[in-house]
Amino acid sequence: MKPVTINTLQQHKQDGIRFSCIAAYDAIFARQINQAGVEMILVGDSLGMVLQGHNSTVPVTITDMCYHTQAVARGNQHAMIMADMPFMTYSDTKSAVITATALMQAGAHMVKIEGGQWLCDTISTLVCGGVPVCAHIGLTPQSVHTLGGYKVQGRNKEQAQQLLDDAIALEKAGAQILLMECVPASVAARIDKALAIPTIGIGAGAQTTAQVLVLHDMLGLNPQPAKFVRNFMLDADSIQQALSHYNQAVIEGEFPAPEHTFK
Ligand code: KIV
């Protein structure tokens, strides 16, 4: 398979082809995810909760993120690797440049940052410097303490409009992918339609260009899964088969189903 690049994913959006992404943190799973045909791996700061046992992503450091990005890059063959910039490492443009440099040198092909229009200058600087950026809106877990918990975002008219305005501004600033977490399916669908860049959803309905799930959630290892998670191990004989079923289900538009979405 040819390496997946940002051009591949942007072409998918233009052609109306869905693609899948999995948040994973090590070499052995990166290899299996590649074999399942999944086109993108997110080295997510969710590793703070999944691997380290914290109750938020706030304690995750750039040292942690580089360590796991290097591990994923060693196991990767052709997927595009996106890495999260950790909490407060991009609060000003200079810090963002230092963080993005470390992640790209660790093997990431793209970085992800959480937030709205306040990130526009940072995104322009990173993109001009050669760093593709995914902007993450909706439920932004690094802001759990300002949001007052892990809650669905954009449920009223004003909040939904704010998300749309943010999405348009972020694309204009140079973001090459937009990720939406825990927003009503109708809001995510409207945003996907308004943008030329691919959108990735998690708890954002079936009308985004792509879907992402955390590996350990989709393998049924989380004792308290969120509404948007499907356990792909339930009808699989192996982890490899569960990963392939997930990829197929996303491409065919069978996942997420209405029971995984918010109104
Ligand atoms: O850190 C992560 O894994 C994420 C996904 C949940 C989107 O940001």
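Within region 160-178, track down each residue that is in a helix (DSSP H, G or I) and either of a type in the set (A, V, I, L, M, F, W, C) or touching a strand residue (DSSP E or B) at 6+ places or on another chain (Cβ under 6 Å) (or both).
Selection gives 160, 163, 164, 166, 167, 168, 169, 170, 173.
Inside region 130-152, can you point out the residues that are open to solvent by less than 50 Å² (accessible area, probe 1.4 Å) and either closer than 19 Å to residue 194 by Cα or part of a helix (DSSP H, G or I) (or both)?
Result: 133, 134, 135, 136, 137, 138, 141, 142, 143, 144.
Tell me, which residue of region 43-71 that is more than 14 Å from residue 111 (Cα to Cα) and of a type in the set (Ser, Thr, Tyr) is nearest to the ligand (Cβ to nearest atom)?
Among those that are more than 14 Å from residue 111 (Cα to Cα) and of a type in the set (Ser, Thr, Tyr), it is 46.
Evaluate region 22-42: report whether one residue or more is within 11 Å of the ligand (Cβ to nearest atom) and assigned to a helix (DSSP H, G or I).
No: zero hits.
Out of all the residues in region 136-163, which are touching a helix residue (DSSP H, G or I) at 6+ places or on another chain (Cβ under 7 Å), more than 12 Å from the ligand (Cβ to nearest atom) and at negative phi?
153, 160, 163
Checking the structure you have, find out if any residue of region 208-218 is away from the ligand (no atom under 14 Å from the Cβ), touching a helix residue (DSSP H, G or I) at 6+ places or on another chain (Cβ under 8 Å) and open to solvent by 20 Å² or more (accessible area, probe 1.4 Å).
Within region 208-218, not a single residue is away from the ligand (no atom under 14 Å from the Cβ), touching a helix residue (DSSP H, G or I) at 6+ places or on another chain (Cβ under 8 Å) and open to solvent by 20 Å² or more (accessible area, probe 1.4 Å).
Got a sec? Which of 184, 198 is at pLDDT 95 or above, surrounded by 22 or more Cβ atoms within 10 Å (Cβ to Cβ) and more than 16 Å from the ligand (Cβ to nearest atom)?
Result of the check over 184, 198: 184.
Out of all the residues in region 160-173, is one or more of a type in the set (S, T, N, Q), open to solvent by 20 Å² or more (accessible area, probe 1.4 Å) and free of Cβ contacts under 8 Å to residues at least 40 places away in the same chain? Before the answer, list the steps.
Just the residues of region 160-173 that are of a type in the set (S, T, N, Q), to begin with: 161-162.
Within this subset, residues satisfying the condition of being open to solvent by 20 Å² or more (accessible area, probe 1.4 Å) are 161-162.
Those still in the list that are free of Cβ contacts under 8 Å to residues at least 40 places away in the same chain too: 161.
Yes, that holds for at least one residue.
Of everything in region 219-244, what is without any contact (Cβ under 8 Å) to a residue 24 or more places away in the chain and open to solvent by 70 Å² or more (accessible area, probe 1.4 Å)? Give them in sequence order.
221, 223, 224, 225, 234, 235, 237
Can you tell me how many residues in region 59-106 are open to solvent by 40 Å² or more (accessible area, probe 1.4 Å), assigned to a loop (DSSP other than H, G, I, E, B) and among the aliphatic types (A, V, I, L, M)?
Within region 59-106, residues that are open to solvent by 40 Å² or more (accessible area, probe 1.4 Å), assigned to a loop (DSSP other than H, G, I, E, B) and among the aliphatic types (A, V, I, L, M) number 1.
Any chance region 72-80 includes a residue that's within 13 Å of the ligand (Cβ to nearest atom) and not hydroxyl-bearing (Ser, Thr, Tyr)?
yes
Pairs only if they're at least six apart or on different chains, beta carbon under 9 angstrom, first in region 9-28 and over 17 Å from residue 109 (Cα atoms) and open to solvent by 70 Å² or more (accessible area, probe 1.4 Å), second of a type in the set (A, V, I, L, M, F, W, C) and in a strand (DSSP E or B); list them, first residue then second.
What qualifies is 18/210.
Quick one: residue 247 ticks every box in (1) assigned to a loop (DSSP other than H, G, I, E, B); (2) open to solvent by less than 40 Å² (accessible area, probe 1.4 Å) except a single one, so which number is it?
Unmet for residue 247, out of (1) assigned to a loop (DSSP other than H, G, I, E, B); (2) open to solvent by less than 40 Å² (accessible area, probe 1.4 Å): (1).
What is the number of the single condition among (1) open to solvent by 40 Å² or more (accessible area, probe 1.4 Å); (2) charged (D, E, K, R); (3) within 23 Å of residue 84 (Cα to Cα) that residue 263 does not meet?
Of the numbered conditions (1) open to solvent by 40 Å² or more (accessible area, probe 1.4 Å); (2) charged (D, E, K, R); (3) within 23 Å of residue 84 (Cα to Cα), the odd one out for residue 263 is (3).
If residue 155 passes every condition in (1) outside any helix (DSSP H, G or I); (2) closer than 22 Å to residue 42 by Cβ; (3) open to solvent by 20 Å² or more (accessible area, probe 1.4 Å) but one, which one does it miss?
With (1) outside any helix (DSSP H, G or I); (2) closer than 22 Å to residue 42 by Cβ; (3) open to solvent by 20 Å² or more (accessible area, probe 1.4 Å) applied to residue 155, the lone miss is (2).
The values are calculated or read from the model by the stated rules, or taken from the named source; none is laboratory data. Note that this is a predicted model, so its numbers are computed, not measured. A quick note on method: Cβ atoms are made from the backbone with ideal geometry, for glycine too, and the neighbour counts reach across all protein chains shown. Note: accessible area is taken over every heavy atom of the protein model, side chains too, but ligands, DNA and RNA are not part of it. Shrake-Rupley method; radii C 1.70, N 1.55, O 1.52, S 1.80 Å.
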